[in-house]
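Heads up, the thing below is written out as structure tokens.
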Amino acid sequence: MTRLLPYPVAAAAMLGAWLLLVESTGPGAVLLGIAFAAAGTWVLALLGAPPGRLRRVAATSRLLGVVLVEVFRSNNAVARIILARRDARERRSGFVRVRLDMRSQYGLAALACILTATPGTVWVDYDARDGTMLLHVLDLIDQDEWVRIIKDRWERPLMEIFE
């Protein structure tokens, strides 16, 4: 089975995403989705994607809850910054360099997605040699606070899940 479909979970996710995108579960959509999912997993195999394993599923659901709350909170904060023009002069954006302990490629990718999906923050760069990430923050008040947030709120749970 792994020769025919090297990453079966990824294939199922691709098929599900395809069916959601085309908004159909007709035979043609399903067959085309299966073909795209198979081709996608073969490309992953050619690229040599390392196998990934979720270590703690319960931590994944807790992290998802925290991410949803944070995205909602950040949306409100960014909306207030944009709508309150008088405070714009007091706001200061900037870059924060964070040294990460996590080395899992999947954990780093998940962290990049979380940070970029959270309004007001963007993952800019990652230096694999020393394990540092560069983050842009829309409303930078305290760099040390941002480092603590990244390490405690995001990196530690992701390391629990992926390492």
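Going by the conditions given, is residue 62 surrounded by 12 or more Cβ atoms within 10 Å (Cβ to Cβ) and touching a Phe, Trp or Tyr at 6+ places or on another chain (Cβ under 7 Å)? Against the criterion (surrounded by 12 or more Cβ atoms within 10 Å (Cβ to Cβ) and touching a Phe, Trp or Tyr at 6+ places or on another chain (Cβ under 7 Å)), residue 62 does not qualify. The single condition among (1) at pLDDT 90 or above; (2) not assigned by TED's automatic domain parsing to the domain that holds residue 106 that residue 52 does not meet is (1).
Only one entry in 25, 116, 41, 121 is touching a Pro at 6+ places or on another chain (Cβ under 8 Å), polar (S, T, N, Q) and modelled with pLDDT of 90 or more, namely 41.
Here is a yes/no grid of residues against (1) in a loop (DSSP other than H, G, I, E, B); (2) crowded, with 16+ Cβ neighbours inside 10 Å; (3) of a type in the set (S, T, N, Q):
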position	(1), (2), (3)
119	yes, yes, no
124	no, no, no
129	yes, no, no
135	no, yes, no
152	no, no, no
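Among the residues of segment 76-93, those that are modelled with pLDDT under 80 and among the small types (Gly, Ala, Ser) comprise 84, 88.
Applying the set (1) touching a strand residue (DSSP E or B) at 6+ places or on another chain (Cβ under 8 Å); (2) at pLDDT 90 or above; (3) not aromatic (Phe, Trp, Tyr) to residue 73 leaves exactly one unmet item: (1). For the structure I just gave you, tell me whether residue 63 is within 22 Å of residue 158 (Cα to Cα) and modelled with pLDDT of 90 or more. It is true that residue 63 is within 22 Å of residue 158 (Cα to Cα) and modelled with pLDDT of 90 or more.
The values are calculated or read from the model by the stated rules, or taken from the named source; none is laboratory data. Everything numeric here is computed off the predicted structure, so don't read it as measured data. All Cβ positions, even for glycine, are placed from backbone atoms using ideal geometry, and neighbour counts span all protein chains on display.
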